[in-house]
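Undergrad: Starting off with a structure, shown below.
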Amino acid sequence: MQDMQIGLIGTGRMGGAMALRLVEKGHKVHVYDVNPDAMKDAVDSGAIGANSFEDFVSKLTPPRLVWLMIPSSHLEETLHKLKPLLAQGDVIIDGGNTWYEDSIRRAKECESLGIHFMDVGVSGGLSGARNGASMMIGGPREIFERLEPLFCDICVENGYGYMGFSGSGHRVKAIHNWVEYVMMAGIAEGLQAVRDAKEFNTDLGEVIKAWGHGSIVAGRLVTEWLSAAWKDDPGLKSFGDKVPYGETEGEMEKFMAQYPAPLLKAAVEMRARSRTKPGFDANVINALRKYFGGHTKDTASKRVV
């Protein structure tokens, strides 16, 4: 699919990488970010920058497509500024980690204005945003079908799907994060157990190599990201032994209030425990968060994928 016009608001870690991929795929990409410096790489690669919401929208040809890649904490304010500038038939895509019940409400608010709202959960980390992501898409099916060639361009092969009515994309993505928490906790707990048995003199680098190639637990978390982290920092000490509270942890707390989720509860408790009783399992989780999402030990996650 060529020459589709896309407006992208938010060119930080994820949004900036997506902008570069869209430009490379031949799309006409307009970008805006409250931090002008964040737009530089996208503009240098061929995207068209804007200096305000008004300037951004004025450059888009109706029916407009506006894709938001911003932290959920700033979404309400952004939509408040954006919606009056749009018109019937325009489409808003929220690609952030938004709680699905908020997406249901926002879809109804947009529908009353004749604006289509799509909630799209984006996974795959920074490398996925740049080289092909995984997307879980909710909203009106006819809009999904119209935009499907775009999703095909921006995702890995077979890496997207229509999840259902409004809110379903973000709900499935949040449950994906739930599974991610549990997987990361299992890897971290297992490596902690190996490390604690000092009498065997086991090299954790050898464990990660073996687990990452051909084993049942092999996957991107071990094979790609943890392996790279260990290669760069054997021992993982630089990543810190306390896991900071992140945006998606709030989502997990909401799920735990809705469902009996013993594995998720244990994974969240592991993170919380590290803030008072630091341990090597937290180093593992922080290394993974750093390598797939660019999160640091000193800052809470603004977006986990």
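Undergrad: Go through the stretch 85-99 and give me each residue that's under 7 Å from Leu68 (Cα atoms) and in a strand (DSSP E or B).
TA: Result: Ile93, Asp94.
Undergrad: Looking at (1) in a loop (DSSP other than H, G, I, E, B); (2) free of Cβ contacts under 8 Å to residues at least 12 places away in the same chain; (3) more than 30 Å from Trp99 (Cβ to Cβ), which one does Thr276 not meet, given that it meets all the others?
TA: (3)
Undergrad: Separate question: Here are some conditions: (1) under 15 Å from Ile187 (Cβ atoms); (2) surrounded by 19 or more Cβ atoms within 10 Å (Cβ to Cβ). Gly205 meets all but one. Which one does it not meet?
TA: Result: Gly205 passes all but (2).
Undergrad: So which residues in the stretch 208-217 are of a type in the set (A, V, I, L, M) and either surrounded by fewer than 15 Cβ atoms within 10 Å (Cβ to Cβ) or out of contact with any helix residue (DSSP H, G or I) (no Cβ under 8 Å at 6 or more places or on another chain) (or both)?
TA: As a first pass, look at the stretch 208-217 and keep what is of a type in the set (A, V, I, L, M): 208, 210, 216-217.
Correct list: Ala210, Ile216, Val217.
Undergrad: While we're here: Say we look at the stretch 156-200 and pick out the residues that are among the charged types (D, E, K, R) and out of contact with any strand residue (DSSP E or B) (no Cβ under 7 Å at 6 or more places or on another chain); which of these is farthest from Gly121 (Cα to Cα)? Write out each step before concluding.
TA: Residues of the stretch 156-200 among the charged types (D, E, K, R): 157, 171, 173, 180, 189, 195-196, 198-199.
Add one more test, that the residue is out of contact with any strand residue (DSSP E or B) (no Cβ under 7 Å at 6 or more places or on another chain), and what stays is 157, 171, 180, 189, 195-196, 198-199.
Working: Glu157: 17, Arg171: 8, Glu180: 14, Glu189: 28, Arg195: 35, Asp196: 37, Lys198: 42, Glu199: 45 Å.
The residue in question is Glu199.
Undergrad: Going by the conditions given, is Val179 in contact (Cβ under 8 Å) with a residue 12 or more places away in the chain and part of a helix (DSSP H, G or I)?
TA: Values: in contact (Cβ under 8 Å) with a residue 12 or more places away in the chain: no; part of a helix (DSSP H, G or I): yes.
Answer is no for this residue.
Undergrad: Residues being at pLDDT below 95 and of a type in the set (A, V, I, L, M, F, W, C): count how many of those fall in the stretch 276-303.
TA: 2
Undergrad: Yes or no: Asp232 touching an Asp or Glu at 6+ places or on another chain (Cβ under 9 Å) and of a type in the set (Asp, Glu)? Walk me through how you get there before you give the answer.
TA: Numbers: touching an Asp or Glu at 6+ places or on another chain (Cβ under 9 Å): no; of a type in the set (Asp, Glu): yes.
Here the answer is no, as Asp232 does not meet what is asked.
Undergrad: Next up: Counting just the residues of the stretch 69-91 that are more than 18 Å from Gly114 (Cα to Cα) and of a type in the set (A, V, I, L, M, F, W, C), which one comes out surrounded by the most Cβ atoms within 10 Å (Cβ to Cβ)?
TA: My answer is Met69.
The rows are residues; the columns are (1) of a type in the set (D, E, K, R); (2) free of Cβ contacts under 8 Å to residues at least 60 places away in the same chain; (3) in a loop (DSSP other than H, G, I, E, B).
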{"residue": "Gln192", "(1), (2), (3)": "no, no, no"}
{"residue": "Glu199", "(1), (2), (3)": "yes, yes, no"}
{"residue": "Thr202", "(1), (2), (3)": "no, yes, yes"}
{"residue": "Glu206", "(1), (2), (3)": "yes, yes, no"}
{"residue": "Ser215", "(1), (2), (3)": "no, yes, yes"}
{"residue": "Thr223", "(1), (2), (3)": "no, yes, no"}
{"residue": "Ala228", "(1), (2), (3)": "no, no, no"}
{"residue": "Lys231", "(1), (2), (3)": "yes, yes, no"}
{"residue": "Gly235", "(1), (2), (3)": "no, yes, yes"}
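Undergrad: How do the pairs read when you match residues in the stretch 288-304 that are more than 19 Å from Asp241 (Cβ to Cβ) and charged (D, E, K, R) with residues anywhere that are in a helix (DSSP H, G or I) and at pLDDT 50 or above, using Cβ under 8 Å and keeping only pairs 6 or more apart or on different chains?
TA: Taking only residues 6 or more apart or on different chains, the pairs are Lys302/Glu247; Arg303/Arg13; Arg303/Met14; Arg303/Glu247; Arg303/Gly293.
Undergrad: Tell me which residues, restricted to the stretch 98-115, are surrounded by fewer than 24 Cβ atoms within 10 Å (Cβ to Cβ) and within 17 Å of Tyr162 (Cα to Cα). Break it down stepwise before answering.
TA: Going residue by residue through the stretch 98-115, those that are surrounded by fewer than 24 Cβ atoms within 10 Å (Cβ to Cβ) are 99-102, 104-115.
Hits for the stretch 98-115 are Tyr100, Ile104, Ala107.
Undergrad: Given the options Phe151, Phe117, Phe144, name the one that is in contact with a Cys (Cβ under 7 Å, 6 or more places away or on another chain) and either part of a helix (DSSP H, G or I) or closer than 23 Å to Ala17 by Cα (or both). I'd like the intermediate steps shown before the answer.
TA: Values: Phe151 fails: in contact with a Cys (Cβ under 7 Å, 6 or more places away or on another chain); Phe144 fails: in contact with a Cys (Cβ under 7 Å, 6 or more places away or on another chain).
On inspection, the qualifying residue turns out to be Phe117.
The values are calculated or read from the model by the stated rules, or taken from the named source; none is laboratory data. Note that this is a predicted model, so its numbers are computed, not measured. Note that each Cβ is placed from the backbone with ideal geometry, even for glycine, and that neighbours are counted across all protein chains shown.
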